[in-house]
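The block underneath contains the structure these notes are about, expressed in structure tokens.
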Amino acid sequence: MKNRHFSRREFIKRHSLTGLGVALTPSLLTQAAPAPAPIGPFSHSVAEPLALLGGKPVRAKEWPTWPIWKSETDEKQLLDVIRSGVWSRANVVTEFETKWAATVGSKRCLSVVNGTNALVASLAQFNIRGGDEVLVPAYTFIGTVAPVLATGAMPVFVDIDPETFQIDPAKIEAKITPRTRAIIPVHILGLPVDMKKVLAIAKKHNLVVIEDACQAHMAEIDHQKVGTFGDAGCFSFQNSKNMAIGEGGAIVSNNDAFMDRCFSYHNYGNPYGTVSGVIGIGTLIQGTKLRLTEYQAAIGLALLKRLDAETTTRNENAAYLKAKIEKIPGIVPYKLYADVTRAAFHLFPFRFHQNEFKGLSRELFIKALTAEGVPCLKGYAPLNKMPYLDDTFKSKNYQKMYPKEMLDFKAYLDRNQCPQNDRICNEEAVWLTQNMLLGTRQDMNDIARAIEKIYTQADKLMAQK
């Protein structure tokens, strides 16, 4: 397939960015900094005027497309399925589930329509309901929080460790109340959570742990795949994800009784495994329809064959790029916990400190970097402050399930302050998408050179404001 150069606008349109949840609020800090001096290995080539100021962009070459589809090797099973006329859940879906379970190192896997509903099903089958509280990180996509609200539970937001972008275990216990039933650690951006500390807290307080690994395919802690540490793990196969089917999701767990309930739930509550009853009784538990199709599974099986190699490429390029750009003042790349043996890098995040860039705003930095041929995003807005929460709390169900003081939105906001997350969302975070990490070392050099070019000429951009 011929590559195309995707601008930020095109990438958002192509993937709907429903797996990224991009925010659009600019940073407005203006703290001044000492005059920058050229640094790094590309100093000889950053004198060219910035593209925003009429210069030649660092890069005109196309980035790797996503998703990758190879007609000559990927289409046979898909065509067989289409020609068979058996499109609803059958043998190919079962094959995909078996191979995904083996890939992540779990006993069981159930495929569903998307990662959001993987979380809905998991919460429901751990009996999380109205009146319960579920701890969630503040830095995540709405797809983590919407399932909590769908069950009638109350999301409680925990602040993050800004160095890793992950939920901060040191802040979890302060958020636990007698209503707390579960915690959803999210391996956001494809970078693993400090699961050892999270699990220790969960054990101490008897909390269910459902890992949101929707962005973290193949990531590992001590060589164990994420999604297999808690009571259950949930994955997404949405179009932007490192394992892309278009839409799709999966639940993994070693708990047979739980997985049987999830299977029954995803098939209208009909009997399955240990969820069985008298013949002729019919539907046994409350359920819905979340079944994956055969042709989706065929696409998944094709892409699964190269997921491991692609993950290796992303990790190698991420490490190389990090070593380049962390030398540039004001650029602070992600940090991995010491026991992380592999990340997924659904996104490559770094923090931008505008005081090192002559007070250049993050918005203008992103605009300048994109103009140099390096499309980038600023990422999430604070989920703990959005109107969807107030709208939910005003619903008839929530009004009946919770006391008024818990539903007062101002009081809720006060209880769910996450200042580290606010700073990351509103001022600092910059993302590069995972398809860029499938490029070459020269592609990574282009990224570093473009950032350095902006750093050395930030004063000229500021002068043009």
Inside region 434-465, can you point out the residues that are over 22 Å from the mean Cα position of the chain (by Cα), open to solvent by 30 Å² or more (accessible area, probe 1.4 Å), within 30 Å of residue 306 (Cβ to Cβ) and not basic (Lys, Arg)?
440, 442
Those residues that are closer than 27 Å to residue 118 by Cβ and either of a type in the set (A, V, I, L, M) or loosely packed, with under 12 Cβ neighbours inside 10 Å (or both), I need them from region 67-90; list them, please.
68, 78, 81, 82, 86, 88, 90
So is residue 338 open to solvent by 20 Å² or more (accessible area, probe 1.4 Å), touching a Cys at 6+ places or on another chain (Cβ under 7 Å) and assigned to a loop (DSSP other than H, G, I, E, B) or not?
no
Of all residues in region 409-433, count the ones that are within 25 Å of residue 365 (Cβ to Cβ) and either surrounded by 14 or more Cβ atoms within 10 Å (Cβ to Cβ) or touching a helix residue (DSSP H, G or I) at 6+ places or on another chain (Cβ under 9 Å) (or both).
15
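Find the residue count for region 108-125, including only residues that are assigned to a loop (DSSP other than H, G, I, E, B) and either in contact with a helix residue (DSSP H, G or I) (Cβ under 7 Å, 6 or more places away or on another chain) or at pLDDT below 95 (or both).
0
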Kindly indicate whether residue 263 is under 28 Å from residue 126 (Cβ atoms), open to solvent by 40 Å² or more (accessible area, probe 1.4 Å) and of a type in the set (A, V, I, L, M, F, W, C).
no
Out of 298, 302, 344, I need the residue that is part of a helix (DSSP H, G or I), buried (at least 21 other Cβ atoms within 10 Å of the Cβ), small (Gly, Ala, Ser) and touching a residue at least 24 places away in the same chain (Cβ under 8 Å). Which one?
298
Does residue 209 fit the bill of being assigned to a loop (DSSP other than H, G, I, E, B), touching a Pro at 6+ places or on another chain (Cβ under 9 Å), open to solvent by less than 30 Å² (accessible area, probe 1.4 Å) and modelled with pLDDT of 95 or more?
no
When region 354-365 is examined, which residues are found to be in contact with a Lys or Arg (Cβ under 8 Å, 6 or more places away or on another chain), among the charged types (D, E, K, R) and open to solvent by 10 Å² or more (accessible area, probe 1.4 Å)?
363
Of the criteria (1) in contact (Cβ under 8 Å) with a residue 60 or more places away in the chain; (2) within 29 Å of residue 346 (Cα to Cα), which one residue 211 fails:
(1)
Consider residue 31 against the criteria (1) touching a helix residue (DSSP H, G or I) at 6+ places or on another chain (Cβ under 8 Å); (2) modelled with pLDDT under 50; (3) surrounded by 15 or more Cβ atoms within 10 Å (Cβ to Cβ): it satisfies all of them except one. Which criterion is unmet?
(3)
Taking the stated definitions as given, is residue 351 open to solvent by 20 Å² or more (accessible area, probe 1.4 Å) and not in a helix (DSSP H, G or I)?
yes
Going residue by residue through region 224-238, is there one that turns out to be outside any loop (DSSP other than H, G, I, E, B), at pLDDT 95 or above, open to solvent by 10 Å² or more (accessible area, probe 1.4 Å) and over 24 Å from residue 380 (Cβ atoms)?
yes
Of the residues in region 366-408, those that are open to solvent by 40 Å² or more (accessible area, probe 1.4 Å) and farther than 20 Å from residue 151 by Cβ come to 367, 370, 385, 387, 404, 405, 408
Unmet requirement for residue 139, which otherwise passes all of (1) crowded, with 22+ Cβ neighbours inside 10 Å; (2) in a loop (DSSP other than H, G, I, E, B); (3) touching a Lys or Arg at 6+ places or on another chain (Cβ under 8 Å):
(3)
Mind checking whether some residue in region 103-125 is closer than 28 Å to residue 342 by Cβ and exposed (fewer than 15 other Cβ atoms within 10 Å of the Cβ)?
yes
Tell me, yes or no, whether region 150-160 has at least one residue that is closer than 25 Å to residue 424 by Cα, acidic (Asp, Glu) and either open to solvent by less than 10 Å² (accessible area, probe 1.4 Å) or more than 16 Å from the chain's Cα centre (by Cα) (or both).
yes
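The values are calculated or read from the model by the stated rules, or taken from the named source; none is laboratory data. What you see is a predicted model; the values in this text were computed from it and never measured. Here Cβ is always computed from backbone atoms with ideal geometry, including for glycine, and neighbour counts include all displayed protein chains. Accessible surface is based on the protein model in full, side chains and every heavy atom, while ligands, DNA and RNA are left aside. Shrake-Rupley method; radii C 1.70, N 1.55, O 1.52, S 1.80 Å.
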